[in-house]
Amino acid sequence: ASASASAASRMLEDLLSLLASPDLSRELLLRREDAFAGFSPLSAPFWCNEPAAAQACRLAEAAATRLGVATLLGEERRAADMSALMDAIVDGAEARVVESDCDHDEACVHVLLELLGIDAQPAANPLVAALDALDTRVPLVLRKAWRRTADVAAEDMEVLRSLQAGAGDGRPLLCSLPEPYLARAVGASSWLVAPEAHRFNQMVLRPLQRAFGDAVPTPEALDAIASLRRPVVELGCGAGLWTLLLRGRGVDVVGVDKRPPPTARNDGGEQGCGGGGACGDGSGGGGDGSDGSD
């Protein structure tokens, strides 16, 4: 660990000297050298936790603006921040699975919402809040797919390379790929995606979908349904998030699902992030405690 810290300190000293140079060029700012652990001077400061990194980040921002690559710098920073967020989710979820009786996806959701500072109670609509927060933090390369490596824009490849350089901490998914910058999309024979997109799906998107559902209950959609002023039956309600939020708007709604949430999580949504509540299986007993007659 001390050797690694010493190497990081030397890297930052070199970065500070380079970034402060009046002769710094766009090509030099994007060049990747072993001295910077595989990063370019543009991206290296955002992947280092040394105290001097904050100063290097400020210099990198000024240099990027001066040399016309500020947009690329923003993507590099988002890539580093998102990888750090997913690393924190991994550590937190592992600890939560050990400490409490929950599965991996549920643990990921709890940790994600805590890290983003989002209220986990279903009545607060945490799915919309989480997606809004992530929308400003996810780099574009995690949302893209390409047919061929040749189709990847130069700016996207710079971000992909910084993600690969950041895999030096031993992330198995990135380190084990024969082609380090791109990977086959899950279930696709031709589409290529960023390897970190797989981890984002596994640690963020899939757990959110399992906890709350695929359809996003935006305020506009909820208001549109409430404006009909008619009773509603939600078929395939999953955890019952839509049902709960519609009831909060005064809608007379019953949720039905073939596999309703366990009773402990189906009491109106007060048991945490995974249970929207108010959901039954259509067999005569409503999951909200009713007798099914409505």
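The values are calculated or read from the model by the stated rules, or taken from the named source; none is laboratory data. Fair warning: this is a prediction, and the values are worked out from it, not measured in the lab. In this analysis, Cβ positions are derived from the backbone assuming ideal geometry, glycine residues included, and neighbour counts consider all displayed protein chains. Accessible surface is based on the protein model in full, side chains and every heavy atom, while ligands, DNA and RNA are left aside. Shrake-Rupley method; radii C 1.70, N 1.55, O 1.52, S 1.80 Å.
Here is a yes/no grid of residues against (1) among the hydroxyl-bearing types (S, T, Y); (2) under 14 Å from N201 (Cα atoms); (3) touching a Lys or Arg at 6+ places or on another chain (Cβ under 9 Å); (4) modelled with pLDDT under 90:
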{"residue": "V97", "(1), (2), (3), (4)": "no, no, no, yes"}
{"residue": "D101", "(1), (2), (3), (4)": "no, no, no, yes"}
{"residue": "A107", "(1), (2), (3), (4)": "no, no, yes, no"}
{"residue": "V111", "(1), (2), (3), (4)": "no, no, yes, no"}
{"residue": "I118", "(1), (2), (3), (4)": "no, no, no, no"}
{"residue": "L127", "(1), (2), (3), (4)": "no, no, no, no"}
{"residue": "A133", "(1), (2), (3), (4)": "no, no, no, no"}
{"residue": "R143", "(1), (2), (3), (4)": "no, yes, no, no"}
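Listed conditions (1) in contact with a helix residue (DSSP H, G or I) (Cβ under 7 Å, 6 or more places away or on another chain); (2) over 24 Å from A197 (Cα atoms) are all met by A88, apart from (2).
Is it the case that the stretch 162-178 has a residue that's assigned to a strand (DSSP E or B), modelled with pLDDT of 70 or more, open to solvent by 10 Å² or more (accessible area, probe 1.4 Å) and touching a Ser or Thr at 6+ places or on another chain (Cβ under 8 Å)?
no
Reported count of residues in the stretch 196-211, each being over 15 Å from D103 (Cβ atoms) and either touching a residue at least 12 places away in the same chain (Cβ under 8 Å) or among the hydroxyl-bearing types (S, T, Y) (or both), is 7. Of all residues in the stretch 79-109, those satisfying the criterion of being surrounded by 17 or more Cβ atoms within 10 Å (Cβ to Cβ) and under 21 Å from L42 (Cβ atoms) are A79, A80, M82, S83, L85. Checked against the criterion of being touching a residue at least 40 places away in the same chain (Cβ under 8 Å), over 17 Å from E155 (Cβ atoms) and open to solvent by 40 Å² or more (accessible area, probe 1.4 Å), the stretch 38-46 has no qualifying residue. Yes or no: L42 closer than 22 Å to L85 by Cβ and touching an Asp or Glu at 6+ places or on another chain (Cβ under 9 Å)? Yes; evaluated as a whole, the condition is true for this residue.
As a summary of the residue check, G213 satisfies the conditions (1) at pLDDT 85 or above; (2) closer than 20 Å to E106 by Cα except for the one numbered (1). As a summary of the residue check, N125 satisfies the conditions (1) closer than 25 Å to L182 by Cα; (2) polar (S, T, N, Q); (3) touching a residue at least 12 places away in the same chain (Cβ under 8 Å) except for the one numbered (1). Taken over the stretch 208-249, the residue count meeting the criterion of being on the phi > 0 side of the Ramachandran plot and open to solvent by less than 70 Å² (accessible area, probe 1.4 Å) is 4. Does P207 satisfy the condition of being under 17 Å from D105 (Cα atoms) and at pLDDT below 85? No; evaluated as a whole, the condition is false for this residue.
Based on this model, can you work out whether S190 counts as surrounded by fewer than 23 Cβ atoms within 10 Å (Cβ to Cβ), at pLDDT below 75 and assigned to a loop (DSSP other than H, G, I, E, B)?
Answer is no for this residue.
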